[in-house]
Each structure stands twice: as structure tokens, then as C-alpha cells.
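Colleague: This is the structure I have questions about; it appears just below.
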Amino acid sequence: MSTEAGAVRVERHDAVATITLDRPSARNALTWAMYEELDKALDRVGSEPEVRVVVLRGAGGNFAAGTDISQFQAFASGDDGVDYERRLESVLTKLESVPATTIAAVEGYAAGGGLALATACDLRVASPNAQFGVPIARTIGNCLSMSNYARLVASLGVARTKTMLLTAEFMSADEARSIGFVMRVLEPHAFARELEMLCARLSSHAPLTLQVTREALRRIVHRSAAEGDDLVRRVYDSRDFREGVAAFVEKRKPRWEGR
């Protein structure tokens, strides 16, 4: 796969599989090709019963800065937005449903789709410089799927989710730790060692207990997600969304009209 398209690498060490998003020149912003590769990587690790833990991380000091915004220039209608959110949702559901326990190892930015991937993991650890956010209210003017709203509310609560989305501010690693979204903040010199120790602990636990617990909680969260394609279609079909994408690509401030 070309450097521009990005890559998704899978490494296996005993019971731990590590999936790495590899496009550091763009803070690992995911291209369509990377989403396809991630989908295949999840199929691969999910088919190996010896894998007890899956670590998802990014290359080059960042987790993932979301979806590559330049790809949205090809969107022609709200239906394209609905299709995109469904495409993303299929990957997130697969991430939630792999038999192994999943850990997001977050360094640097976990934004937009990157935050969605981190939230879909069972546990999160972070470096002190980690930043979590969905700044779409000031960048491209789109929205989330109902399932992703539900994931954020389940993980952060309604008030913190509103604060993050409406102010478009990022949440620091320490703040994420204080509200329980991040399990631990790991110093750089100890990051690899402590992550390895956590993986070893999880690998030693009863796999069926972990699998059933994870699936039970996934079902509870998804039961709270209402139908919302009309909301997604409304935003992705708007002039504001097209203006937001154009402004992002042209590196200027968008001019919102509310329509």
C-alpha cells in the first residue's frame, strides 16, 4: 500500500496482537483504504483463538486524527454521509465484537474517527500528551452516527459529551483519566513496559468471562442508540458541510450559514 494511502500493520506476540495505524505524515488520518485494511486486520485477529488481547495504536506519536477529510470532497448528497457513517459503524462494531479484549494505546491525538475507534475499544491507556476530541463544530460541520453518540454518552456521560462536541475542545489525558475514560496515563519511559504488563494480566483471565461481559455491555450501549439517518442526511446534505470541507482543505476558516 502506498504511503499516501496509509497502511495498517498487524503483529502477533504470543496471546497479544497489535494493530498499528501507519500514516504518520497525516497523524494517521484514515483513508478508505486504511479502513478496509483495518477491517481485514480485525477479521484476522478475530479468527485466531489464541489471541486474548488486541492493542490498537498509531505510528509516529499519534493515535489517529480521524478520517482523511479530503475524501469528503467527493460527497454529492446526504446519502453519501449516511453510507459513510454506516461504513465506519461496520468497522467499529467489528472492533467491539472481536473475541479478544481490546486496548486503545493512545499517544497524541485521538480525534473524530480516531476517538470513535478508541471509544469502541474495551480499555484505554494514554501518554501524558494524549488529546481526545471531536472538533467538527468548528472544522467541517458534519455530525456523528447515533451509535457513536451512544458510545460517547456511555463512556463520558451526557454533560461531558455535550461539552466536548459543542465547544469543540479537546480533553487532556489527565482529564480523561479523572472521569474514567482512560484507565491509566503512562509516562513515555514506562509506556511499553506497563502496556505489556496490562496485556499479560488480561491474557491470564478467564476468556469466556471477559467475552460475555464485553458483549453484554455492548448490547446495553447499542440498545440506547435510536434511529438517526435523517439527522445524518440533513447535515451531510447541507451547504455548511460542503463549505466546511472546502475550508478545511483550503486551510481557511469556514463561513457558516446554517443551511
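The numbers here are math on the coordinates, done by the rules we state, and not lab data. Bear in mind that the values here come from a model prediction, so they are computed numbers and not experimental data. Quick reminder, even Gly has a Cβ in these numbers, built from the backbone with ideal geometry, and neighbours come from all protein chains shown.
Colleague: Could you give the distance between the Cα centres of the stretch 1-32 and the stretch 81-152, to the whole Å?
Modeller: Cα centroid to Cα centroid, the span is 16 Å.
Colleague: Could I ask something else about it? Just tell me the longest site-free run in the chain, where the sites are GluC sites (Glu not before Pro) in a DSSP loop having at most 16 other beta-carbon atoms within 10 Å.
Modeller: 51-168
Colleague: What nm value, rounded to one decimal, do you get for the distance between residue 200 and residue 187 when each label is placed 7 Å out toward the C-beta?
Modeller: Going from the residue 200 label point to the residue 187 one covers 2.0 nm.
Colleague: Taking the stretch 83-168 on its own, what percent of its Cα-Cα pair distances exceed 17 Å?
Modeller: Of the Cα pairs, 48 percent sit more than 17 Å apart.
Colleague: I'd like to compare 200-210, 135-145: which one has the highest average count of other Cβ atoms within 10 Å, and what's the full order after that?
Modeller: For the peptides 200-210, 135-145, the packing ranking is 135-145, 200-210.
Colleague: Mean residue ellipticity at 222 nm from the helices of the chain, using -39,500 (n - 2.57) per DSSP H segment of n ≥ 4 over the full residue count, to the nearest 500 deg cm²/dmol?
Modeller: -14500 deg cm²/dmol
Colleague: Could you check the spin-label model distance between residue 159 and residue 14? Points 7 Å from the Cα along Cα→Cβ, value in nm.
Modeller: Inter-label distance under the simple model: 4.3 nm.
Colleague: Still on this structure, please answer the following. Give the aspartates and glutamates whose C-alpha is closer than 17 Å to that of residue 253, dropping any in the same chain fewer than 8 places away, or say none.
Modeller: Result set, ordered by chain and number: 169, 240, 243.
Colleague: For the stretch 158-259, with the dipole built from +1 on Lys and Arg beta-carbon atoms and -1 on Asp and Glu ones, taken about the Cα centre, which of 202, 185, 232 lies farthest toward the positive end?
Modeller: Of the options given, the answer is 232.
Colleague: Where the Cα atoms of the stretch 211-259 are projected onto their three principal axes, how long is each span, largest first, in whole Å?
Modeller: 47, 23, 11
Colleague: Sequence gap at least 6, Cα distance under 8 Å: using those rules, report the relative contact order of the stretch 1-136 to the nearest whole percent.
Modeller: Contact order relative to length: 23 percent.
Colleague: Follow-up. Just for the chain, what percent of DSSP beta bridges are antiparallel, to the closest 5?
Modeller: Around 30 percent of the beta bridges assigned by DSSP in the chain are antiparallel ones.
Colleague: How much length is gained on full extension from residue 43 to residue 246, taking 0.36 nm per residue of separation minus their Cα-Cα distance?
Modeller: Gain on extension, residue 43 to residue 246, equals 69.6 nm.
Colleague: Let me spell out the model: positive unit charges on the Cβ of Lys and Arg, negative unit charges on the Cβ of Asp and Glu, origin at the Cα centre of the chain. What dipole size does that give, in debye rounded to 20?
Modeller: About 540 debye.
Colleague: Further, regarding this structure: On a full-extension model of 0.36 nm per residue, what is the gain between residue 215 and residue 255, subtracting their alpha-carbon distance, rounded to one decimal in nm?
Modeller: 10.1 nm
Colleague: If you don't mind, there's one more thing I want to ask. At 10 °C and 1.306 mPa s, grab the translational diffusion coefficient of the stretch 7-189 from Stokes-Einstein with a Kirkwood Rh over Cα pairs, rounded to a whole number in µm² per second.
Modeller: Translational diffusion coefficient: 97 µm²/s.
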